[in-house]
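The values are calculated or read from the model by the stated rules, or taken from the named source; none is laboratory data. Remember, it's a predicted structure, so these values are computed and weren't measured experimentally. Backbone-built Cβ (ideal geometry, glycine too); neighbour counts: all protein chains shown.
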Amino acid sequence: MPEPGRPPLQSAIGRATPDAITVRGLDLAGELMGQVSFVELAYLLATGRRPTPAQVRVFDAGLVALADHGLTPSVLAARLTLTGAPEALQGAVAAGLLGGGSALLGPTEDAARFLAGVLAAAGPDADEAALEQAAATAVRARAAARERIPGLGHPLHKDGDPRVPRLYAIAAEEGLLGPHLALLRVVHGVAGEVTGRKLPINGAGAVGAALADAGLPIDLLRGFSLLARVAGLLGHLAEEREHPLGPGLWRDAEERLDYVAEPPD
């Protein structure tokens, strides 16, 4: 019981007592363990609602799409951290997650925010022409400011990100190809006309749009992209323990380093 005069602290997420654990009003051992998947639990925790099977499939596909993308900077940070502190797996995972920003993983949320802003500007009853106009206005503003158009472009998948058509197909199969995914296609077309550059829709942007259409909070989407990447990082760190790349990368950097007394030009 709280002390007299002090208001109680309140949370609807979870609580543990000596004989039970409750999560979102459900008994963890009796109603959740063995009854729901981790994806369902993540959705429930974030929204307070149990997802539909369609939402589960789209959410799961989005997490799978973001789990791994090879030897990215975040993976290299994790592997090299494990090289320096092999006893601190948590430190290596954390190092890999800290680089999730505007260039990597962050575009998931950035794209959804951008699309939500365009939808709000267009209005709830906007037809296709109004959406195109709102998209063109937003794209021109970002182009004038020399800012990236969230959800477009990829340094490797220049002719098309293979994750994108699959994600659109899954969303369509589940009846969840909603306004954010539809608008992303409009933005893609408009951006080509406005900028003269044919940038592909990237996987992170498509995932952001899909998760927004699946009812997940937009301001948590970067967190979900990090949740997905933890699985990939653990895979890389498991491999790093057995077949380490970190020491070789470290030695290669040392051997190639051309030290100069003054900052390089």
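Here are the numbers for the structure shown:
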quantity	calculated
Any helices (runs of 4 or more DSSP H) falling wholly within the range 135-236 and containing at least 2 residues that are among the aliphatic types (A, V, I, L, M), more than 23 Å from GLY100 (Cβ to Cβ) and touching a Leu at 6+ places or on another chain (Cβ under 8 Å)	179-195
Failed criterion for LEU44 (all others in (1) in a helix (DSSP H, G or I); (2) exposed (fewer than 15 other Cβ atoms within 10 Å of the Cβ); (3) of a type outside the set (S, T, N, Q); (4) in contact with a strand residue (DSSP E or B) (Cβ under 8 Å, 6 or more places away or on another chain) hold)	(2)
Among the candidates GLY192, GLY203, GLY235, residue that is over 19 Å from LEU119 (Cα atoms), in contact with a Lys or Arg (Cβ under 6 Å, 6 or more places away or on another chain) and surrounded by fewer than 18 Cβ atoms within 10 Å (Cβ to Cβ)	GLY192
Unmet criterion (only one of (1) without any contact (Cβ under 8 Å) to a residue 24 or more places away in the chain; (2) touching a Ser or Thr at 6+ places or on another chain (Cβ under 9 Å)) for LEU156	(2)
Residues of the range 47-83 satisfying the condition of being charged (D, E, K, R), assigned to a helix (DSSP H, G or I) and more than 23 Å from PRO162 (Cα to Cα)	ARG79
Residue count for the range 237-265, restricted to those that are in a helix (DSSP H, G or I) and more than 28 Å from the chain's Cα centre (by Cα)	10
Some residue of the range 88-95 being at pLDDT below 95 and among the polar types (S, T, N, Q)	no
Check on GLY62, loosely packed, with under 14 Cβ neighbours inside 10 Å and not charged (D, E, K, R)	no
Flag if ASP110 is under 28 Å from GLY70 (Cα atoms), part of a loop (DSSP other than H, G, I, E, B), acidic (Asp, Glu) and in contact (Cβ under 8 Å) with a residue 24 or more places away in the chain	no
Considering residues of the range 144-162 that are of a type in the set (A, V, I, L, M, F, W, C) and surrounded by fewer than 16 Cβ atoms within 10 Å (Cβ to Cβ) only, the residue nearest to the chain's Cα centre (by Cα)	LEU156
Number of positions in the range 6-40 that are touching a Pro at 6+ places or on another chain (Cβ under 7 Å), more than 22 Å from PHE59 (Cα to Cα) and surrounded by 10 or more Cβ atoms within 10 Å (Cβ to Cβ)	0
